[in-house]
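The values are calculated or read from the model by the stated rules, or taken from the named source; none is laboratory data. Worth saying up front: this structure is predicted, and the values here are computed from it rather than measured. Here the Cβ is made from the backbone with ideal geometry for all residues, glycine too, and neighbour counts use every protein chain on show. Surface accessibility is based on the protein's heavy atoms, side chains included, excluding ligands, DNA and RNA. Shrake-Rupley method; radii C 1.70, N 1.55, O 1.52, S 1.80 Å.
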Amino acid sequence: MSPTREDYLKIIYELGGEFSRVSNKAIAEKLNISPPTVTEMTSSLVKAGWIEVKPYHGSMLTKEGADEAKRLVHKHRLWEVFLVNKLGFSIEEVHDEAELLEHSTTDKLAKKLYEFLDHPKYCPHGGAILPEDMKAEDLHSVSLTGAEYNVSVSISRFVNEDKLVHYFKNQNLNINDVINIKSYDKTLDLYEIENESNNETVYISSKIAQFIFVRT
């Protein structure tokens, strides 16, 4: 599989595509490309048997696609742990470096790296390292846009991208913070979020909120 197709498969997974449908718009926004380009690539992934597409509803991973996506994410997250813990990178700058490394990482190298890092459970962005743990994590997590109002939830992970991580850091939102949605202004497209962990209130657009995953 080409690196470009791998990136598409991985972002569909990271946006919750194992258990729910992901729109072309969400994929386009995350990869900063046009929706027609997404349509062309998703057609290729359908032919490969990695995803299935329902018109006007979005893409969802097949079992084979989910397994392949998790294999890629596993390698990516291992490299992020290595870059942060062993080379001193900050979590805001590791994504692009790990992106380059994952595509050339064999399963044998990934196994050796996992052992060298002393079997880490989570990457710096809160994502599970092992594929079997990813499924359990994803079953109990939802995008913030799908969370109930006025219900306390805990941030489980952020979609992995350096600019997003930097944005969340500036908003003082961190993995395991307890937050709740107080309201949503449709006109301004802004969620009012109360961070119970630091007693701060932040305002986040739905475009950004879809990249935060939470658990009850």
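Just a yes or no: is a residue in region 133-143 of a type outside the set (Val, Ile, Thr) and in contact with an Asp or Glu (Cβ under 8 Å, 6 or more places away or on another chain)?
yes
Looking at residue 171, is it farther than 18 Å from residue 149 by Cβ and surrounded by 13 or more Cβ atoms within 10 Å (Cβ to Cβ)?
Taking the combined requirement at face value, the residue satisfies it.
So the check is Cβ under 8 Å with 6+ separation or different chains; which pairs have a first residue in region 122-145 that's touching a residue at least 12 places away in the same chain (Cβ under 8 Å) and at negative phi and a second one that's polar (S, T, N, Q) and surrounded by fewer than 19 Cβ atoms within 10 Å (Cβ to Cβ)?
Close Cβ pairs (under 8 Å, with a partner that is polar (S, T, N, Q) and surrounded by fewer than 19 Cβ atoms within 10 Å (Cβ to Cβ)) amount to 140/216; 145/206.
Looking at region 141-160 only, could you name the residues that are open to solvent by 50 Å² or more (accessible area, probe 1.4 Å), of a type outside the set (A, V, I, L, M) and not in a loop (DSSP other than H, G, I, E, B)?
145, 146, 149
Out of region 85-140, which residues are assigned to a helix (DSSP H, G or I) and either of a type in the set (Val, Ile, Thr) or at pLDDT below 85 (or both)?
Residues satisfying the conditions are 94, 135, 136, 137, 138, 139.
Any residue in region 95-118 that is under 24 Å from residue 4 (Cα atoms) sitting within a Cβ distance under 6 Å of a residue that is not in a helix (DSSP H, G or I)? List the pairs, counting only those 6 or more apart or interchain.
From residues that are under 24 Å from residue 4 (Cα atoms), the pairs are 95/160; 95/161.
Taking region 23-73 as the region of interest, how many residues are touching a residue at least 40 places away in the same chain (Cβ under 8 Å) and assigned to a helix (DSSP H, G or I)?
Qualifying residue count, region 23-73: 14.
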